[in-house]
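These notes concern the structure reproduced below.
Values in this text are rule-based calculations from the coordinates and carry no lab data. Computed from a prediction, not measured in an experiment: that's the story for all the values here. Using ideal geometry, Cβ is built from the backbone for each residue, glycine included, and neighbour counts are taken over all protein chains shown.
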């Protein structure tokens with residue numbers, strides 16, 4: 001990492017230390033202002049994708065089956 005990159009990183013950390021608490025306070029206010037229904041909707045959106053994937057099962061073209069074959073071969077060879 002160059003000196004310039006270290007300087008930029010230090011500046012970013014300094015700004016985050018200054019503004020982080022203010023951002024967190026804003027988030028807390030926003031969450032407090034939302035209704036329970038808003039929270040339920042947000043949770044449903046976050047969980048919709050993983051639940052749908054689980055219900056469908058792994059697709060043959062997802063690469064998961066091939067990945068498991070490779071891992072099995074590696075285990076057999078002791079790698």
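Among 26, 1, rank each residue by its count of other Cβ atoms within 10 Å, from fewest to most, as a rough exposure measure. Before the final figure, lay out the partial values.
Values: 26 10, 1 7.
The order, fewest Cβ neighbours first, is 1, 26.
Rounded, prolate or oblate: pick one for the stretch 33-72, where a ≥ b ≥ c are the square roots of the eigenvalues of its C-alpha gyration tensor, a/c under 1.5 means rounded, and failing that, prolate if a/b is larger than b/c, else oblate.
The shape class here is prolate.
If we count other beta carbons within 10 Å of each Cβ, what is the order of 12, 32, fewest first?
Values: 12 10, 32 7.
Lowest to highest Cβ neighbour count: 32, 12.
Rounded, prolate or oblate, given the Cα gyration tensor of the chain, with a/c below 1.5 counting as rounded?
oblate
Under the rule of -39500 (n - 2.57) per DSSP H run of 4 or more residues, summed and divided by the residues of the chain, what mean residue ellipticity at 222 nm is obtained, to the nearest 500 deg cm²/dmol? All intermediate terms of the calculation are to be shown ahead of the outcome.
On the way: 3 runs with 66 residues, N = 79.
Calculated at 222 nm, the ellipticity per residue is -29000 deg cm²/dmol.
If each residue of separation counts as 0.36 nm, what is the full-extension length gain between residue 35 and residue 10 once their alpha-carbon separation is subtracted? Could the numbers behind the result be given before it?
On the way: separation 25, 0.36 × 25 = 9.00 nm, distance 3.85 nm.
Gain on stretching residue 35 to residue 10: 5.1 nm.
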